[in-house]
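The values are calculated or read from the model by the stated rules, or taken from the named source; none is laboratory data. Computed from a predicted structure; not experimentally measured. Cβ coordinates were reconstructed from backbone atoms using ideal geometry, including for glycine residues, and neighbour counts include every protein chain displayed. Calculation scope for accessible area: heavy atoms of the full protein, side chains included, ligands and nucleic acids excluded. Shrake-Rupley method; radii C 1.70, N 1.55, O 1.52, S 1.80 Å.
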Amino acid sequence: MISPVHFLMCNVLLSMFLGIVLLVRKISSRHLTIPVRYRLWHLFTAALFLPFLPWRQLSPQEFLFWIQDLLTQDTTASAVTHTAENAVQSSSSGTVIRDFSTAVTASGISLSRILGIIWIVGMTAVTLYFAVTLLSIHKIKRNAFLVTAESEPDLYRQFSSCVRELSLRQDVKLYASCDIQNPVSCGWLRPTIIIPQDLDIVSSAEELRFIFLHELQHCKHKDALLNLLVCVLETLYWFNPLIWYGFYQFRKDREIACDHAVLRLIGGGERMRYGLTILQFAQHAKSGVFASPLSGISSSAATTKQRITEIAEYRPVTALQRLKSAGIFLLIFLLLLGTSPLLSAYASGSPVFHLAEGAWKEADVAESFDGRDGSFVLYDMETDEYYIYNKEKSEKRISPASTFKIYSGLFALEKGLITPESSTQQWDGSAQPFSAWMQDQTLTSAMQDSVNWYFQNLDRQMGLASLASDYSRIGYGNCDLSSGVESYWSDSLAISPLEQVRLLSGLLRNQWDFAPENVQAIKNALLLSEDSVSGGRLYGKTGTIGSSGETSSGSSKTTGNGTSAGSDKTANGISADGSGQQMGWLVGFLETSETTYCFAVNLQGEGCDGSTAADVALQSLTTMLSQTE
């Protein structure tokens, strides 16, 4: 899907490309031929569609975040609400999971959602305006009468002569209407020219020829198709005045190119009479045109003045001019081709990963969930088999909460900000929600206690540009970091439980060629138990979004199955989708003597935090492994 924030970033790049096109038009006016100058707008139109194509090579946020990193240093304090999660101990295996991470309270409505709503409202308004314009054109055509050899033999004969003169193979219809004052052309599949009903009375035969040749040139150049595409783009880019200005220049060059084509046909000696014909319709032209599929001989006063200047200065194109124009056009084309991967507004990163029917088996772990809403994904790396509980939920992207720290730590290791042997970050003395956070941290201690400031420091040092590149490299969910370094993991970044498992298996296989010692360092930091389910080594990371109550820090409680739980200091919160729903994660893997199982549990609803997800994960793993033994 399209990310509105990324789309705005693309608009910055597109505005820069527009500036290049306008600059080239200005400084190369003596070298560019009129037709090539018009074709530059074809490239610009193509560029405006690029944000809606799913390029994967490079995200626009990487480029713009790089600029941001150069200009600013992010020192903003985290605005998320901190909430301690429980420490869980499984009664069946004795596994202790220190879940001392912070639950995050995402903003009620994300920036992307606000911008998306505004964008859609604006597009709806422009679409309605465009629809009214189309209805008006349809009404004009319906009330007009078709000019044929029977109804208007002299007028039809002049029109047919011009069609033959241009060697047009299309069947262009001619209508006469009393509802318009200027000749216009429209229609791509069924090209149509509409003229004022009294045009043949007030115009000479020569002027009629000029008018017909002009409108037929629009048909020959397929300007109606380009006009339609421009109308679509004006709808999509309604908020960008620079794009509006670009399309104003496009319409001006369209008419100048059409004039040039007519003069090339009738000869430069006729340019004065042709210019006078254009001036006859200038007084009836509208000063501004928006979202209109029409082309016409008339134009605004400013455009008409420039057209007359170009007509007066008309000279046949030389071979040298054609060569220079081709070179300039090629350079602009190569520039567009080279930057096209930047012009992607897709926030979906990799397409959402789905498993086809038959590629997975049902996981019978409903008892472990005890009526809670959520999903469980188990992947056997040896047999390449997936076991899933609630497949629909397992494929839905949601905030990763603190589970993102697995990859944040890995990226920092890869950048050399920390090393497996030296990963200590000094506490700056600032107040923190937990005493365990108010001390220097290593990668292992920060991962086990889910110390926010540790990973935020690393993210700031890497910068959003580098992070965006790394997340795109591994295809982490939607790869959307638009909420900023402090809260992207709770507001904009999203990943499904199935994708969590797929990524984790890729990490264990070192699919992306990370340094083996760095992958091992992350594994060491994730270690929860040397002797867990089926005697295996258990690794994992919890995460929580939102919460519903509060208990004092340092308190403990016992779950229904005898599990010992540590502190659970909570505060009112809402989920990443703004619904107020609590959510908990456990993402990890279990190494046994036979295989390695990657798994993810996600729970949603009241009382569903990371500690609860860990409890459900342990019970589900025990159930599934007992079934396979």
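Taking region 420-464 as the range and being farther than 17 Å from F404 by Cα and either among the aliphatic types (A, V, I, L, M) or part of a helix (DSSP H, G or I) (or both) as the test, the residues that pass are A431, S435, A436, W437, M438. Restricting L225, L213 to residues that are assigned to a helix (DSSP H, G or I), open to solvent by less than 60 Å² (accessible area, probe 1.4 Å) and in contact with a Cys (Cβ under 9 Å, 6 or more places away or on another chain) narrows the list to L213. Considering (1) open to solvent by less than 60 Å² (accessible area, probe 1.4 Å); (2) at pLDDT 80 or above, the lone condition that H31 does not fulfil carries the number (1). Using the structure shown, decide if F411 is more than 30 Å from M9 (Cβ to Cβ) and of a type in the set (F, W, Y). No, not satisfied. For region 306-328, filtered to residues that are open to solvent by less than 80 Å² (accessible area, probe 1.4 Å) and outside any helix (DSSP H, G or I), the residue that is farthest from H260 (Cα to Cα) is T318.
Filtering S344, S348 for residues that are open to solvent by 10 Å² or more (accessible area, probe 1.4 Å), within 23 Å of the chain's Cα centre (by Cα), modelled with pLDDT under 95 and hydroxyl-bearing (S, T, Y) leaves a single hit, S348.
Considering only residues in region 261-279 that are within 47 Å of the chain's Cα centre (by Cα) and among the small types (G, A, S), the one that is nearest to T33 (Cα to Cα) turns out to be A261.
Taking the condition hydroxyl-bearing (S, T, Y), in a helix (DSSP H, G or I), open to solvent by less than 10 Å² (accessible area, probe 1.4 Å) and closer than 16 Å to V377 by Cα, does S620 pass? Here the answer is yes, as S620 does meet what is asked. Scanning region 372-393 for residues that are at pLDDT 95 or above and assigned to a helix (DSSP H, G or I) yields no hits at all.
Report yes if some residue within region 477-500 is surrounded by fewer than 23 Cβ atoms within 10 Å (Cβ to Cβ), modelled with pLDDT of 90 or more and out of contact with any Asp or Glu (no Cβ under 8 Å at 6 or more places or on another chain); otherwise report no. For region 477-500, residues surrounded by fewer than 23 Cβ atoms within 10 Å (Cβ to Cβ), modelled with pLDDT of 90 or more and out of contact with any Asp or Glu (no Cβ under 8 Å at 6 or more places or on another chain): absent.
Filtered by the rule that a residue be open to solvent by 10 Å² or more (accessible area, probe 1.4 Å) and closer than 23 Å to S490 by Cα, region 585-608 gives Q604, G605, E606, G607. Select from region 510-530 the residues that are farther than 20 Å from P351 by Cβ and within 30 Å of the chain's Cα centre (by Cα) and write down the one among them that is surrounded by the fewest Cβ atoms within 10 Å (Cβ to Cβ). Here the answer is D513.
Of all residues in region 357-400, those being of a type in the set (S, T, Y) and either in contact with a Pro (Cβ under 8 Å, 6 or more places away or on another chain) or surrounded by fewer than 14 Cβ atoms within 10 Å (Cβ to Cβ) (or both) number 3.
Please go through region 499-538 and pick out each residue that is among the polar types (S, T, N, Q), farther than 21 Å from I418 by Cβ and out of contact with any strand residue (DSSP E or B) (no Cβ under 8 Å at 6 or more places or on another chain). Correct list: Q511 only.
Restricting region 402-432 to residues that are under 26 Å from the mean Cα position of the chain (by Cα) and β-branched (V, I, T) leaves a set whose member that is nearest to L504 (Cα to Cα) is I406.
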